[in-house]
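Beneath this line is the structure, given in structure tokens, with notes to follow.
The values are calculated or read from the model by the stated rules, or taken from the named source; none is laboratory data. Just so it is clear, the model here is predicted, and its values are computed rather than measured. As a convention, Cβ positions derive from the backbone with ideal geometry for all residues, glycine included, and neighbour counts pool all protein chains shown.
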Amino acid sequence: MSKENIFISQKKEVNQDYFRGEVVMIEVLNQNNSVEHEMYHVFFKKGALTTLHFHETEQILITTKGKGILCLFEENVIENLEESAKTIILEDGDVVSIPPFIWHFHGSLKDDFAHIALRNRYRMDFSGNKIQAGNVWEKDFVDHLPGLNQNEKHELFLKIDQRVKEIVQNELLNVNFE
């Protein structure tokens, strides 16, 4: 048994390749204190977002501060950036479930925003064996796309970044920040 605190547990070093803007992560549950789950309390500074990514297990987000955005893509967004995106505005206390293998991003719309992120550390493979569940991040995915040179990868990153900015700007026009 372990007791942790969502506000003062150990900070986790943030990989800047996986975020747009300033983010602080508190690692609440890790391999040392939970057999099955990982949990982070993530603090997004004004306008900070995750990059596009997906998890191999369901992810639960619980909003703890401010207004944020969650954007889900049903198609392979990397190859088809024009696909429609489903956006959800997150407010204090909101709980959302993100299915596995769905490209998405989340974070702050305008002001500081925070959420708890929880997911299973393991999944079952096709043979019924328990295996480590991974995450696939935009940078890692694009860097490993076959047949693209460095310039083409750079152009793709710019295109993705522009699409994310468009989605966020559209939501900013529709959200009331009282």
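Candidates are the residues of the range 64-78 that are in contact with a Leu (Cβ under 8 Å, 6 or more places away or on another chain), in a strand (DSSP E or B) and over 16 Å from N176 (Cα atoms); the one that is modelled with the highest pLDDT is L70.
The residues of the range 1-60 that are over 12 Å from the mean Cα position of the chain (by Cα), among the aliphatic types (A, V, I, L, M) and assigned to a loop (DSSP other than H, G, I, E, B), listed by number, are M1, I6, I8, V14, V35.
Okay, residues lined up against (1) touching a residue at least 40 places away in the same chain (Cβ under 8 Å); (2) of a type in the set (D, E, K, R):
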| residue | (1), (2) |
| --- | --- |
| D17 | yes, yes |
| K67 | yes, yes |
| K86 | no, yes |
| I98 | yes, no |
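Taking the listed residues N149, N170, the one that is over 21 Å from the mean Cα position of the chain (by Cα) and either farther than 22 Å from P100 by Cα or not polar (S, T, N, Q) (or both) is N149, with no other qualifying.
Among the residues of the range 141-173, those identified as under 30 Å from Q31 (Cα atoms) and touching a residue at least 60 places away in the same chain (Cβ under 8 Å) are F141, V142. Set side by side, the residues K86, K46, K110 differ, and just one is closer than 25 Å to N176 by Cα, of a type in the set (K, R) and surrounded by 15 or more Cβ atoms within 10 Å (Cβ to Cβ), which is K110.
Scanning the range 15-38 for residues that are surrounded by 14 or more Cβ atoms within 10 Å (Cβ to Cβ) and more than 13 Å from A114 (Cα to Cα) yields Y18, F19, R20, G21, E27, V28, L29, N30, N33, S34, H37, E38.
Taking the criterion of being modelled with pLDDT under 95, surrounded by 14 or more Cβ atoms within 10 Å (Cβ to Cβ) and in contact with a helix residue (DSSP H, G or I) (Cβ under 9 Å, 6 or more places away or on another chain), would at least one residue in the range 117-132 satisfy it? No: the range 117-132 contains no residue that is modelled with pLDDT under 95, surrounded by 14 or more Cβ atoms within 10 Å (Cβ to Cβ) and in contact with a helix residue (DSSP H, G or I) (Cβ under 9 Å, 6 or more places away or on another chain).
Residue count for the range 89-103, restricted to those that are out of contact with any Gly (no Cβ under 6 Å at 6 or more places or on another chain), modelled with pLDDT of 95 or more and in a strand (DSSP E or B): 5.
Here D111 clears all of (1) at pLDDT 95 or above; (2) within 22 Å of N174 (Cα to Cα) except the condition numbered (1). Exactly one residue out of I6, I62 is of a type in the set (V, I, T) and surrounded by 17 or more Cβ atoms within 10 Å (Cβ to Cβ), and it is I62.
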